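The structure appears right after this line, and notes come after that.
Here, each number is a calculation from the coordinates, and none is a lab measurement. What you are looking at is a predicted structure, and each value in this text was computed from that prediction instead of being measured. Glycine gets a Cβ as well: all are built from the backbone with ideal geometry, and neighbour counts include every protein chain shown.
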Amino acid sequence: MKRLLIAGCGDLGVRLARRLKSSEWICHGLRRRPDQLPKPVQPIGADLLSPASLAALPTAWDAIIYQATPGKRAPDAYRRTYLEGLRNLLRRVRARQLIFVSSTAVYGQDDGEWVDESSATNAKTFAGEILLQAEALAQAHGGMAVRFSGIYGPGRDYLIRSLRAGQARCRAQPPQWTNRIHADDCAAVLEHLVQQPATQAVYCASDNHPAPRCEVLNWLAEQLGLPAPQPDAEASGQGKRVSNARLTSSGFHFQYPDYQTGYRTLLS
């Protein structure tokens with residue numbers, strides 16, 4: 001039996017644990033309030049920001065996935081969660097495989113161009129900058145980073161809520177490119193990578209079809225029988241398009257390869 005530690009175990013960690021074969025993996029979820037973790041996750045109560053609380057952790061693991069998330073969107077919260085928390089954990093444990101859950105926010109491209117793992121990472125936000133530092137920390141310990149694009153799924157339905165509230169806005173031309181991945185596919189990506197014998201240092205994880213924001217919102221409005229989104233005269237930039245070629249060439253297949261497939265399941 002292989003042992004997996006999911007540090008900062010949340011929704012994606014639980015989805016992953018449910019996918020892995022119980023005959024092959026024992027999944028441990030670390031969080032401050034572990035009583036909220038359902039089976040098959042084995043709960044561990046500890047605080048990544050408190051080294052003393054990590055002292056009882058076993059030191060050797062087959063795999064570690066670091067997926068902690070900040071409690072608020074602020075630079076200090078991001079530094080504590082992604083840098084201080086990861087450092088504290090890595091001072092205590094080691095693993096054959098380490099996966100850091102990152103984001104395509106590390107890219108600053110905004111002219112509609114395609115980006116992949118070899119593209120420049122000139123983050124334009126504090127979140128992207130701090131994530132890049134955390135990626136480097138994980139890689140210095142032999143780990144990899146998985147850069148997820150916008151995650152949607154149960155409980156992650158911002159676009160639907162914005163349409164229902166009449167607050168959705170977009171600019172038709174030039175298009176504002178968006179990238180997304182269903183939460184179930186996020187868990188599937190982690191399942192795929194944690195079982196690969198040899199991996200790259202970085203993977204971009206986004207579905208097969210980047211789409212203009214207006215296209216997505218108009219399609220959702222039609223499915224929901226709601227008014228189309230309002231024009232956004234203040235929108236700037238065209239965003240980027242994220243390539244998943246490295247991930248798919250490793251043998252991964254998406255359950256939800258485009259937004260229509262994923263949102264149909266969510267709406268039903």
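Here are the numbers for this structure:
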{"quantity": "Total charge dipole magnitude, segment 1-129, about the Cα centre, Cβ charges on Lys, Arg, Asp, Glu only, Debye to nearest 20", "calculated": "800 debye"}
{"quantity": "Inter-part distance where segment 127-155 and segment 30-90 are each reduced to a Cα centre, Å", "calculated": "15 Å"}
{"quantity": "Per-residue HN-Hα couplings for segment 225-236 [Karplus 6.51, -1.76, 1.60; θ = phi - 60°; Hz; x = Gly/Pro]", "calculated": "x, 10, x, 5, x, 7, x, 10, 6, 9, 5, 10"}
{"quantity": "Gaussian network model of the chain, springs between alpha carbon atoms under 10 Å - residue of ALA138, ALA188, ALA74 with greatest fluctuation", "calculated": "ALA74"}
{"quantity": "For the chain, size of Cβ-based charge dipole, Lys and Arg +1, Asp and Glu -1, in debye", "calculated": "920 debye"}
{"quantity": "Unit charges on C-beta of K, R, D, E only; dipole of segment 111-256, Debye", "calculated": "260 debye"}
{"quantity": "Relative contact order %, the chain, counting alpha carbon pairs below 8 Å whose residues are six or more apart", "calculated": "18 percent"}
{"quantity": "Mean Cβ count within 10 Å, highest first, over the residues of peptides 203-216, 234-247, 158-171", "calculated": "203-216, 234-247, 158-171"}
{"quantity": "Using alpha carbons only: equivalent-ellipsoid semi-axes of the chain, gyration tensor based, whole Å", "calculated": "33, 20, 18"}
{"quantity": "12 Å beta-carbon shell around GLU129, net charge (K/R +1, D/E -1)", "calculated": "+1"}
{"quantity": "25 Å Cα-Cα reach of LYS39 towards lysines, excluding residues that sit fewer than 8 places from it in its own chain", "calculated": "LYS2, LYS21"}
{"quantity": "Amide proton proximity set for ALA46, modelled H, under 5 Å, gap of 5+", "calculated": "ARG31, ARG32"}
{"quantity": "Reciprocal of mean inverse Cα separation for segment 1-49 (Kirkwood radius, Å)", "calculated": "10.5 Å"}
{"quantity": "Where no second cysteine Cβ lies under 4.7 Å, the cysteines concerned in the chain", "calculated": "CYS9, CYS27, CYS186, CYS204"}
{"quantity": "Within straight-line cross-link reach of LYS240, lysines at Cα separation under 22 Å, skipping those fewer than 8 residues along the same chain", "calculated": "LYS124"}
{"quantity": "Diffusion constant of segment 1-149 at 37 °C, which comes from Stokes-Einstein with the Kirkwood Cα-pair radius and 0.692 mPa s, µm²/s", "calculated": "207 µm²/s"}
{"quantity": "Scattering profile of segment 173-246 at q = 0.17 Å⁻¹ [log10 I(q)/I(0), Debye over alpha-carbon scatterers]", "calculated": "-0.79"}
{"quantity": "Amide H contacts of HIS182 (H built 1.01 Å from N, under 5 Å, at least 5 apart or other chain)", "calculated": "TYR152"}
{"quantity": "Hull volume in cubic angstrom per residue (convex hull over the Cα atoms of segment 89-130)", "calculated": "97 Å³"}
